[in-house]
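Worksheet: one structure, shown below.
The values are calculated or read from the model by the stated rules, or taken from the named source; none is laboratory data. What you see is a predicted model, and the numbers here were worked out from it, not measured in a lab. Virtual Cβ from ideal backbone geometry, glycine too; neighbours counted across all protein chains shown. Side chains are part of the model used for accessible areas, which takes the heavy atoms of the whole protein and leaves out ligands, DNA and RNA. Shrake-Rupley method; radii C 1.70, N 1.55, O 1.52, S 1.80 Å.
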Amino acid sequence: MTSSLGQKLAAEFVGTAWLVLGGCGSAVLAAGVPDLGIAFAGVSLAFGLTVLTMAYTIGHISGCHLNPAVSIGLWAGGRFPAASLAPYIGAQVAGAIFGAAVLYVIASGIPAFSLAGGFASNGYAEHSPGGYSMAAAATTEFVLTFFFLTVILGATSSRAPAGFAPIAIGLCLTLIHLISIPVTNTSVNPARSTGPALFVGGWAIAQLWLFWVAPIAGAIAAGFFSRWLDSSKRA
């Protein structure tokens, strides 16, 4: 039985909220705890686990995009209808904001909490964890989103082994974070970037454009590349 649009959007809302709460929450709440902190590797794994768990939970309902770049990349790859892009993206952004709001309520429960720490927002230059330039950040986000969508489109192909796509996709996102947390705090997801940025304001809003433009551009490139690659196999 096919899910209704309302059910699909609800799934995308909840799934994206889980991604922000689980991924950004691990960074805000657990990464720097003395002696017990999970550090970059733990945060990377947390983001991968959010996608892995939700892919098995809602993949059969909405496809488990959780990311405007993924929806747009799937459209470019001929796997998703253009008419559903706006509703999906709206649900994803709303879910990310809700997830960030829940995280804010939890994180602000201690006196030492401050948004000055960045609240897991993405940034470049002085707001990059490693001080990387805007050009380095844009390159990172474009290239890693390209590879993320290439993995998604390949792993979900009818030619790929059935049932293993969530594992490949979750591990891919983990690897992406292992590479790029020091550069941009890792986005590859405009909704994930938007949620925390709205709470931080200021510089996070001013730099948000890059974390929409670069991931979407990389996703579109991957969509067209994967469509070409798949068609060449059928020839």
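Restricting the first member to the stretch 30-53 and to residues that are without any contact (Cβ under 8 Å) to a residue 60 or more places away in the chain, and the second to residues that are polar (S, T, N, Q) and assigned to a helix (DSSP H, G or I), the beta-carbon pairs closer than 6 Å and six or more apart or on different chains are 46/26. Taken over the stretch 63-90, residues that are open to solvent by 10 Å² or more (accessible area, probe 1.4 Å) and assigned to a helix (DSSP H, G or I) amount to 11.
Would you check which residues across the stretch 129-156 are part of a helix (DSSP H, G or I), of a type in the set (S, T, N, Q) and either in contact with a Phe, Trp or Tyr (Cβ under 9 Å, 6 or more places away or on another chain) or within 27 Å of residue 55 (Cα to Cα) (or both) and list them? 140, 145, 150 - these are the residues of the stretch 129-156 that are part of a helix (DSSP H, G or I), of a type in the set (S, T, N, Q) and either in contact with a Phe, Trp or Tyr (Cβ under 9 Å, 6 or more places away or on another chain) or within 27 Å of residue 55 (Cα to Cα) (or both). Only one entry in 26, 44, 71 is modelled with pLDDT of 95 or more and touching a Gly at 6+ places or on another chain (Cβ under 8 Å), namely 26.
Residues that are in contact with a Ser or Thr (Cβ under 7 Å, 6 or more places away or on another chain) and either outside any helix (DSSP H, G or I) or buried (at least 24 other Cβ atoms within 10 Å of the Cβ) (or both) within the stretch 16-51 comprise 19, 23, 38, 43, 44, 47, listed in sequence order. Any idea which residue in the stretch 52-62 is surrounded by the fewest Cβ atoms within 10 Å (Cβ to Cβ), counting only those that are touching a Pro at 6+ places or on another chain (Cβ under 9 Å) and among the aliphatic types (A, V, I, L, M)? Across the stretch 52-62, the extreme among qualifying residues is 52.
Among the residues of the stretch 95-128, just one is surrounded by fewer than 20 Cβ atoms within 10 Å (Cβ to Cβ), in contact (Cβ under 8 Å) with a residue 24 or more places away in the chain and in a loop (DSSP other than H, G, I, E, B), namely 118. Taken together, the residues in the stretch 186-235 that are touching a helix residue (DSSP H, G or I) at 6+ places or on another chain (Cβ under 8 Å), open to solvent by 40 Å² or more (accessible area, probe 1.4 Å) and not in a helix (DSSP H, G or I) amount to 0. The condition of being closer than 29 Å to residue 7 by Cα and either modelled with pLDDT of 95 or more or not hydrophobic (A, V, I, L, M, F, W, C) (or both) holds for only one of 142, 119, 146, that being 146.
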